[in-house]
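Structure, as structure tokens:
Each value in this text was obtained by applying a stated rule to the coordinates, not by laboratory testing. Worth saying up front: this structure is predicted, and the values here are computed from it rather than measured. FYI the Cβ positions are ideal-geometry reconstructions off the backbone, even for glycines, and counts take in every protein chain you see.
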Amino acid sequence: MKKLEIEIRETKDLSEQQIVEINGLKQQHWKYSEAEHMRWFRENIKQDDKHVLLREGGELAAYLNIVNVDVKISGKTIKMLGIGNVCVSVTKEGSGMGAVLMAVTNSYLKRKKLCGILFCRDKVVGFYIRAGWEKVEAREIAVEEKLCDCNAMIYDPLRTIPENIEKISVNRDF
Ligand SMILES: CC(C)(COP(=O)(O)OP(=O)(O)OC[C@H]1O[C@@H](n2cnc3c(N)ncnc32)[C@H](O)[C@@H]1OP(=O)(O)O)[C@@H](O)C(=O)NCCC(=O)NCCS
């Protein structure tokens, strides 16, 4: 069996080669050019954002990013950690990598005592529910003040978030 390695790095500690590697993995799932992926990364990812890298036999097998985000719920602003760009290399999907990635992320969130938030399409809601996340049944979901036709999911083991959320919005794209 190949060795599994997990690391959590800040953007400022990533080499240029690692940034290219991350964007190469994202490109397997989101069909933008390499230049567009790199531009999105430069424009949206901040120096103190975190990157969870899961390697198998040295190769990047799964990835996600963790960013500081302000979440407005029914008028009140709450600091949370936003999880984005969750992906597993196409050759390794269905072998438990995604579950490992989410387990590592959940324990990071618990350690930081912060609630996690992410946005996703219908087809992956089940994956996140299996990973211990919950779907927010809000009437309105917005990212950077633009309405979003997606699902909002949260990881809130300390039960800090109110129930019956009407509107949820985040201040940045991640
Ligand atoms: C979604 C994704 C991260 C899942 O990773 P993965 O390594 O294939 O998932 P795992 O093998 O670890 O599966 C973990 C569990 O979730 C389930 N699962 C996986 N994908 C699922 C899906 N789309 N819907 C529902 N359940 C799913 C698995 O059956 C497994 O369940 P089990 O614990 O009962 O056996 C991966 O398929 C991927 O990279 N997809 C493309 C990118 C993407 O859409 N990312 C989400 C962005 S919001």
For the stretch 54-157, the Debye formula with one identical point scatterer on each Cα and no solvent gives log10 I(q)/I(0) at q = 0.22 Å⁻¹ as -1.26
Plugging the Cβ-Cβ distance of residue 70 and residue 9 into 1/(1 + (r/R0)^6) at R0 = 22 Å yields, to the nearest 0.05, a FRET efficiency of 0.40
Residues other than residue 70 with Cβ under 15 Å of its Cβ, Lys/Arg counted +1 and Asp/Glu -1, net out at +1
Percent relative contact order for the chain, counting Cα pairs under 8 Å at least six residues apart, stands at 20
Computed over the stretch 63-111, the distribution of all Cα-Cα distances in 10 Å bins, rounded to whole %, is 23, 42, 25, 9, 1
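Treat the count of other C-beta atoms within 10 Å as a stand-in for reagent exposure and order 83, 165, 6 from fewest to most.
Neighbour counts put them in this order, fewest first: 6, 165, 83.
Can you count the Lys pairs in the stretch 35-102 whose Cα atoms are under 28 Å apart, with each pair 8 or more apart or on different chains?
7
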So residue 140 and residue 20, fully extended at 0.36 nm per residue minus their Cα-Cα distance, gain in nm 39.7 nm
Rounded to two decimals, the Debye log10 I(q)/I(0) of the stretch 22-109 (Cα scatterers, no solvent) at q = 0.13 Å⁻¹ is -0.48
Extension length gain for residue 47 and residue 158 (0.36 nm per residue less Cα distance), in nm, is 37.2 nm
Of 45-51, 75-81, ordering from highest average Cβ density within 10 Å down gives 45-51, 75-81
Using alpha carbon centers only, the stretch 36-111 is separated from the stretch 143-173 by a whole-angstrom value of 16
Applied in sequence order to the stretch 63-74, the curve 6.51 cos²θ - 1.76 cosθ + 1.60 (Karplus, θ = phi - 60°) yields integer Hz couplings, x standing for Gly and Pro, of 8, 7, 10, 10, 10, 6, 9, 9, 10, 9, 10, 6
When 150, 115 are arranged by how many other beta-carbons sit within 10 Å of their Cβ, fewest first, they go 150, 115
Against the 2.2 N^0.38 Å rule of thumb, the C-alpha Rg of the chain sits at a ratio of 1.01
Whole-Hz Karplus couplings 3J(HN,Hα) for the stretch 14-19, θ = phi - 60° and coefficients 6.51, -1.76, 1.60, Gly and Pro as x, run 8, 7, 4, 5, 5, 5
Assertion target for 52, 100, ordered by fewest C-beta neighbours within 10 angstrom first, is 100, 52
